[in-house]
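The values are calculated or read from the model by the stated rules, or taken from the named source; none is laboratory data. Quantities reported herein were computed from a predicted structural model and do not represent experimental measurements. Heads up, the Cβs are rebuilt from the backbone with ideal geometry, glycines too, and the neighbour counts pull from every protein chain shown.
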Ligand SMILES: NC(=O)CC[C@H](N)C(=O)O
């Protein structure tokens with residue numbers, strides 16, 4: 001089969017060195033018999049795909065404040081999201097979209113589903129994420145325990161859900177931050193299913209153990225994490241990292257599930273259309 005299904009990767013890294021892109025390529029390449037992909041530098045070059053030409057969209061993490069754009073790329077990006085949403089309301093053959101981290105925060109703001117605020121400190125490392133509500137049976141998380149392990153890397157958070165808007169949209173909060181017994185902070189939203197085809201995650205489902213270790217090569221960054229977490233917690237993170245059932249499992253499960261669900265849906269409709 002040649003590459004009939006086309007993926008657009010919306011690169012939100014603004015030219016900053018990152019691990020996300022390599023990890024995403026790595027996962028997509030596991031499906032290279034069925035899909036091909038093209039990258040668009042959304043923030044750096046204001047590049048966006050023609051939505052008619054792509055079936056699946058993966059919008060990446062990225063640096064900085066998710067509430068700030070330059071009035072150009074962000075406006076175009078939100079228009080693209082609206083076009084994709086409208087497309088799905090008007091067409092049988094749907095567009096499947098995954099929003100990761102920075103993109104998830106931007107989408108939540110755009111759809112008016114929650115507040116985006118700066119955290120008291122950076123969240124970085126191996127965390128547990130909890131499936132909640134429909135998330136317990138969402139096929140995106142099929143094959144993961146509850147809680148499951150994720151790599152988190154962010155300064156901002158999605159909190160104070162606007163339940164009325166969420167209900168009106170038909171969206172569902174599917175994952176929440178770890179339970180913290182000792183602090184009063186609200187647990188941030190880690191995942192929202194916006195629709196059957198649109199889903200967003202606050203953590204990095206693409207992350208693999210190597211990506212975390214790559215960050216640790218930066219001495220001052222490593223020291224910062226140790227100072228923030230304490231050495232025992234840091235060492236526990238490294239231990240979690242090499243556990244087959246934790247970050248490896250999440251990496252092998254979520255985006256592959258997303259792609260399989262999308263590909264199955266697209267194939268079903270392509271078949272109907274060609275009949
Ligand atoms: N890794 C990310 O995409 C981070 C998202 C956002 N820039 C934050 O700091 O919260």
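Only one of the listed residues (120, 94) is out of contact with any strand residue (DSSP E or B) (no Cβ under 8 Å at 6 or more places or on another chain) and within 29 Å of residue 241 (Cβ to Cβ). That residue is 120.
When restricted to residues that are surrounded by fewer than 22 Cβ atoms within 10 Å (Cβ to Cβ) and within 13 Å of the ligand (Cβ to nearest atom), segment 97-110 contains 1.
Of the residues making up segment 241-256, those that are in contact with a helix residue (DSSP H, G or I) (Cβ under 8 Å, 6 or more places away or on another chain), surrounded by fewer than 19 Cβ atoms within 10 Å (Cβ to Cβ) and at pLDDT 95 or above number 3. For segment 1-20, the set of residues classified as surrounded by fewer than 17 Cβ atoms within 10 Å (Cβ to Cβ), out of contact with any helix residue (DSSP H, G or I) (no Cβ under 7 Å at 6 or more places or on another chain) and within 21 Å of residue 215 (Cβ to Cβ) consists of 16, 17, listed by residue number. Residue 126 falls short on exactly one of the conditions (1) part of a loop (DSSP other than H, G, I, E, B); (2) farther than 27 Å from residue 80 by Cβ, and that condition is (1). The set of residues from segment 111-133 being away from the ligand (no atom under 12 Å from the Cβ), within 28 Å of residue 79 (Cβ to Cβ) and surrounded by 17 or more Cβ atoms within 10 Å (Cβ to Cβ) comprises 111, 113, 114. Screening residue 94 with (1) over 18 Å from the mean Cα position of the chain (by Cα); (2) part of a loop (DSSP other than H, G, I, E, B); (3) within 13 Å of the ligand (Cβ to nearest atom) gives one miss only, at (3).
Residue 136 falls short of the stated requirement of being away from the ligand (no atom under 16 Å from the Cβ) and either at pLDDT below 95 or surrounded by 15 or more Cβ atoms within 10 Å (Cβ to Cβ) (or both).
Across segment 12-34, the number of residues qualifying as within 13 Å of the ligand (Cβ to nearest atom) and either under 14 Å from the mean Cα position of the chain (by Cα) or not in a loop (DSSP other than H, G, I, E, B) (or both) comes to 7. If the requirement is being more than 16 Å from residue 20 (Cβ to Cβ) and at pLDDT 95 or above, which of these qualifies: 219, 162? It is 162. Name the single residue that is farthest from residue 264 (Cα to Cα) among those in segment 40-61 being within 16 Å of the ligand (Cβ to nearest atom) and out of contact with any helix residue (DSSP H, G or I) (no Cβ under 8 Å at 6 or more places or on another chain). Going through the qualifying residues, I end up with 44.
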